[in-house]
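Visitor: Below is a structure I'd like to ask you about.
Since every read-out is calculated from the coordinates, none of them should be taken as a lab result. Since the structure is predicted, the reported quantities are computational estimates derived from the model, not experimental observations. For neighbour counting, all protein chains shown are included, and Cβ atoms are generated from backbone atoms with ideal geometry for every residue, glycine included.
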């Protein structure tokens with residue numbers, strides 16, 4: 001006979017330890033629950049996340065598979081199983097589950113609200129032969145995601161007649177200079193809709209292009225280039241010096257990535273590097289934050305000149321190094337082949353994998369994971385730059 005009181009006591013104790021960050025103890029208590037019953041999906045779900053944070057990915061995958069067996073229609077379970085596979089670099093197994101992601105649903109709903117029936121009538125692409133076909137691809141999720149997945153547009157244009165791609169507005173001018181044969185658009189017209197044989201949200205491309213676990217990292221060197229005239233303008237206005245030029249960014253979208261935000265003062269050690277000039281590439285509505293930083297350190301604010309990502313790219317082209325949190329600027333620097341130190345929080349996103357000794361997506365990015373404080377991470381970056389660039 002199942003002791004429901006004991007199960008509830010163990011589950012609540014596990015949850016309490018999980019909320020307090022005592023993950024090993026939380027795992028122990030969840031495992032005790034499973035000795036009494038294997039029919040509670042929430043136990044597998046919660047334990048999976050404890051295992052993920054403990055970097056026990058294979059055990060997390062096992063838990064999520066069992067969760068889905070009990071809850072086959074649960075969207076979140078499918079999505080998190082995908083990201084658990086991704087973190088171990090098993091993209092082929094993760095792809096099908098990734099199609100359950102919320103960002104895909106939101107992207108489709110957004111396009112439907114914008115374009116109604118003319119969008120709805122276009123069938124989804126599921127890997128069919130695209131020879132002599134036209135496809136409409138559109139953004140989803142954040143700016144960093146679009147930059148990261150844009151590498152696949154080149155592959156797509158090689159296997160079909162025409163690609164219409166609609167990115168977020170701030171990315172339009174940059175992609176217009178890096179088309180790879182696609183048509184970069186702001187609005188999806190009736191005429192375009194009548195041409196299109198298929199549609200596809202951008203983060204589904206590697207799945208339906210049937211890329212394997214190595215091909216997924218296509219174009220890890222550089223696939224975006226800045227506009228030369230803009231590069232020259234920034235050089236003449238801000239970069240006409242012989243110092244080591246370092247750009248810093250400390251914050252992205254705090255609504256969905258608050259754990260990735262770094263305090264500006266955490267960069268204090270970087271200002272001690274010899275013969276360097278620091279630049280803020282932090283786009284912010286809080287002007288006082290940048291002014292406060294300028295009152296303490298020698299830093300030039302170039303982000304205030306950014307109108308879109310083509311400006312950001314032109315400025316980055318003039319930098320020697322970018323130091324940033326997990327944000328769109330890091331993806332842009334990596335896509336441009338610019339040396340970048342990306343700072344990850346203790347519990348970091350799936351795309352950086354379990355082995356962060358190398359960034360698989362971008363050859364020029366070096367990943368630094370938070371161990372204790374942000375200052376501790378910056379200290380390690382300081383030592384790396386001082387050793388390799390300040391001789």
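Visitor: Suppose we look only past 16 Å in the calculated P(r) of segment 102-217. What percent of the Cα-Cα pairs does that tail hold? Could the numbers behind the result be given before it?
Guide: Values: 3767 of 6670 pairs.
Beyond 16 Å sits 56 percent of the P(r) for segment 102-217.
Visitor: Give me the three principal axis extents of segment 228-389 from the C-alpha atoms, as integers in angstrom, largest value leading.
Guide: Cα extents, longest axis first: 42, 36, 32 Å.
Visitor: Obtain the nm distance between the two label points defined at residue 358 and residue 268 by a simple spin-label model: each point lies 7 Å from its Cα along the Cα-to-C-beta direction.
Guide: 3.7 nm
Visitor: So what are the three principal axis dimensions of segment 149-256 from its Cα atoms, in whole Å, longest to shortest?
Guide: So the three principal-axis extents are 52, 36, 33 Å.
Visitor: Subtract the Cα-Cα distance of residue 76 and residue 275 from 0.36 nm times their separation in residues, and report this length gain in nm to one decimal. Walk me through the numbers on the way to the answer.
Guide: Working: separation 199, 0.36 × 199 = 71.64 nm, distance 4.95 nm.
Result for the pair: 66.7 nm of gain on full extension.
Visitor: For segment 15-143, count all C-alpha to C-alpha pairs, find those more than 18 Å apart, and express that count as a whole percent of the total.
Guide: I get 63 percent for the Cα pairs in segment 15-143 exceeding 18 Å.
Visitor: Cut-off 10 angstrom, C-alpha nodes, Gaussian network model of the chain. Which of 82, 314, 27 fluctuates the most?
Guide: Per the Cα network of the chain with a 10 Å cutoff, 27 tops the list.
Visitor: Considering only C-alpha atoms, what is the centroid distance from segment 54-89 to segment 316-391, in Å?
Guide: That distance is 28 Å.
Visitor: With the crude spin-label approximation of a point 7 Å out along Cα→Cβ, what separation in nm comes out for residue 305 versus residue 214?
Guide: Here the modelled spin labels are 4.3 nm apart.
Visitor: Same structure again: Which ordering of 383, 317 is given by a fewest-first count of other beta-carbon atoms within 10 Å? Numbers along the way, then the final one.
Guide: Values: 383 11, 317 21.
Fewest-to-most Cβ neighbours within 10 Å comes out as 383, 317.
Visitor: Which of 309, 239, 175 moves most in a GNM of the chain, Cα contacts under 10 Å?
Guide: Its mean-square fluctuation being the largest, the pick is 239.
Visitor: Divide the volume of the convex hull of the Cα atoms of segment 87-169 by its number of residues and quote the answer in cubic angstrom per residue. Intermediate values should be presented prior to the final figure.
Guide: Details: hull volume 10.0 nm³, N = 83.
Spread over its residues, the Cα hull of segment 87-169 gives 121 Å³ apiece.
Visitor: Further question: Give me the Kirkwood hydrodynamic radius of the chain in Å, from all C-alpha pairs, to one decimal place?
Guide: Working: mean 1/r = 0.0436 Å⁻¹.
One decimal place: 22.9 Å for the Kirkwood radius.
Visitor: If you don't mind, another one. Write down the radius of gyration of segment 335-391 and its Dmax, each obtained from C-alpha positions, in Å.
Guide: Cα only, segment 335-391: 11.7, 35 Å (Rg, Dmax).
Visitor: Here's another thing I want to ask about it. Given segment 4-73 reduced to its alpha-carbon atoms as identical point scatterers, what log10 I(q)/I(0) does the Debye formula return at q = 0.18, 0.20, 0.24, 0.26 Å⁻¹?
Guide: Normalising to I(0) and taking log10 leaves -0.60, -0.74, -1.03, -1.16.
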